[in-house]
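The values are calculated or read from the model by the stated rules, or taken from the named source; none is laboratory data. Bear in mind that the values here come from a model prediction, so they are computed numbers and not experimental data. Here the Cβ is made from the backbone with ideal geometry for all residues, glycine too, and neighbour counts use every protein chain on show. The accessibility values were calculated without ligands, DNA or RNA, using every heavy atom of the protein model including side chains. Shrake-Rupley method; radii C 1.70, N 1.55, O 1.52, S 1.80 Å.
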Amino acid sequence: MSDSGSDGGKWLDAHYDPVAGLYTFSSCMDLADLSGDGESRLVVGDLGSGSSGMKLKVYRGTALMSESILLDLPAGLVAFFMDLHEPRIPAVAVASGPCIYVYKNLRPYFKFTLPGLEVNMLEQDVWQQVREGQIDPLTLKEMLESIRKQADVPLSVRSLRFLSLDGSDMDEFVQLHKQQPIRRQTVITCIGTLKKSTADEDGVSCLVIGTESSDVYILDPEAFIILSKMSLPAAPTSMDVTGQFDVEFRITVSCRNGNIYILRRESDKPKYCIELSSHPVGLVRVGKNVVVGCTDESLQGFTQKGKKLWRTVLSAPIITMAAMNLPTRGFQAVLVGLANCEVQLYRDKNLLSTIKTPDVVTSICFGRYGREDGTLIMTTKGGGLMVKILKRTAEFDDRDSTPGPPLAQSVRLNVPKKTKLYVDQTLRERENGLAMHRAFQMDLSHLRLAAAKAYVKALESSLTPMSSSLTEPLKMNAVVQGLGPSFKLTLNVQNTAACRPVMNLAISFLYDESLYRMRSPYMRIPLLVPGLIYPFETFVECTSDKGISDIIKVFILHEGKSSPLLTAHINMPVSEGMTLN
């Protein structure tokens, strides 16, 4: 092994084979412990020459362990746990054409084929007439051209292939295919995995597939039946899946129309839409944010609801992208392969490291390989295979000189895993949501009614320190000074009217005469000018030696009326002077 000097010595060059003959993309690479011995293998869907030589290859270390022939070009490859059997060995699902081929113990195990699409009825009628000899191939071509321009349902592959033929080949094509039934079959464009009910690393996962017909299917991992079907406005090109199918999940999909859509459990249509200025090349989730690479040589960050966070311009067009996740260090970043033979590492918009490569990198995979957690595996445009290992002493400094929020604001919280109790409560709330909401609204209405009754009672009995009278609006607060046994009581009274003075008022005190004695238990108030604060002072003497205190009630009265304008309760302090004596 040698140090990779172009990136500050953070990576070790473990292996480089320029003639490995691997032609693949990041979506067709995965790392998994296929033997249950604790050592992860590299599983690759090799594209071969594009028309032949497609293979499923498995590498152990630097050696090719096994290979299986694929019938069609692979569109994606994932390793997933499909059952709870021991030992815990994952299966490998390869998406190819309209089928998913599942391999278990590196042997073919199951084949799932996508359901057929609706066939154009006019197209069926035309081919039926051909079968009965009513029309010739030239008339067939004219009728199919007319149907293609006007019909809502697209033509089948057979009709499209017929329309592309020259006149000399039409008769032979019609004689060969006219007796066969017409079928419309879509193909798979991308594939991912979704945990079924638990977020454990070895938990059972469902398969999530995107199709050329702009649909997203979620498949049961054991029976391989369609659990859910969701529709998109355009054909998906790549996806990222998070969450659990039985609880809550989020599928982020980049589509061929240049937009990114976010699908959630409760709807079969997109929940949010992110409109990009150029078409997406790659899509990677980092924590709760989504990082998108675009054809305009930019890298952009969005929240999971579609809000744009940042944008940075790169030095060359993006070829491929992959996530770099190191759970042992709590480190998450994005690896970006560029057309200028560089692989750059970004955390948010900050460039952390740059790796120089001898050829353009076409696919990237990071994870546990063998027994080493931080392994970076890359394939090149010329078919080469590179393996680099992250040093245990490597540190990434992502300090950014641009103004903005502090880095501590973006540190991920260590959120605990969802327990079975939490999942059960979530299911209960989903099933009984209507009844729970009605009970909540009933209790809230009772609370509001009780509060309104108490407020009306306080206004009617003038139990508040502010007067509710429109003709005599008053406000009062009290201040108690002293340690005891003698206290100075100051009442600040204010007329809050705009321009009307208030007169003929008095202050009265109600207290326990066995505890307190007042010099002036009754005082007259002179005319109150609006806006001014009038202080009224009196002295209160505590006559008890038991070290207790009580409440003194203060009433502001209007001459000739028995109901007070306002009331205040003064919590008297304990007489500390008498306690010392």
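Taking only protein heavy atoms and a 1.4 Å probe, the accessible area of the chain is 53% carbon and sulfur.
Could you report region 27-152's accessible area per residue, 1.4 Å probe, as an integer in Å²? Don't skip to the answer; put the middle values down first.
On the way: 6220 Å² over 126 residues.
Roughly 49 Å² per residue, with all protein chains present.
Across all directions, the shadow cast by the convex hull of region 117-209 built on its C-alpha atoms averages 8.6 square nanometres.
Among the trypsin sites (Lys or Arg not before Pro) in region 503-581, which ones are in a DSSP loop with at most 14 other Cβ atoms within 10 Å of the Cβ? Mind listing them? Mind showing how you got there, number by number?
Details: sites: ARG517, ARG519, ARG524, LYS546, LYS553, LYS561; in loops: ARG519, LYS546, LYS561.
Hits after loop and neighbour filter: ARG519, LYS546, LYS561.
Per-residue packing, averaged as other Cβ atoms within 10 Å, sorts the ranges 376-388, 83-95, 177-189 into the order 376-388, 83-95, 177-189, beginning with the highest.
Figure the gain on full extension for ASP268 and VAL411 (residue separation times 0.36 nm, minus the Cα-Cα span) and round it to one decimal in nm. Walk me through the numbers on the way to the answer.
Working: separation 143, 0.36 × 143 = 51.48 nm, distance 3.30 nm.
Taking 0.36 nm per residue and subtracting the Cα distance, the gain is 48.2 nm.
With N as its number of residues, region 171-230 has a Cα radius of gyration that, divided by 2.2 N^0.38 Å, comes to 1.68. Axis of helix 433-460 versus longest Cα principal axis of the chain: the two differ by about 20°, to the nearest ten degrees.
Helix 167-177 axis versus longest C-alpha principal axis of the chain: approximately 80°, rounded to the nearest ten. Take region 476-581 with all the other protein chains still there, run a 1.4 Å probe, and you get 56 Å² of accessible area per residue.
In region 263-334, the ratio of gyration radius to Kirkwood radius, Rg to Rh, stands at 1.00 when only Cα atoms are counted. Roughly how many Å is it from the Cα centre of region 223-249 to that of region 56-114, as a whole number? Spelled out, the Cα-based centre of one part sits 20 Å from the other.
Based on DSSP H segments of at least four residues, each scored -39500 (n - 2.57), the chain has a per-residue ellipticity at 222 nm of -5000 deg cm²/dmol. Along its principal axes, region 466-579 has C-alpha extents of 49, 26, 20 angstrom, given from the largest down.
Extension gain, ASP169 to LYS288, is 37.3 nm, computed as 0.36 nm per intervening residue step minus the present C-alpha separation. The relative contact order of region 121-168, computed from alpha carbon pairs under 8 Å that lie at least 6 residues apart in sequence, is 34 percent. Against the empirical 2.2 N^0.38 Å (N residues), region 121-168 has a Cα radius of gyration ratio of 1.06.
If one computes P(r) from the Cα atoms of region 317-362, what percent of pairs lie at distances over 14 Å? Don't skip to the end; give the middle numbers.
Details: 498 of 1035 pairs.
That fraction is 48 percent.
The mean sequence distance of close C-alpha pairs (under 8 Å, at least 6 residues apart), as a share of the length of the chain, puts its relative contact order at 10 percent.
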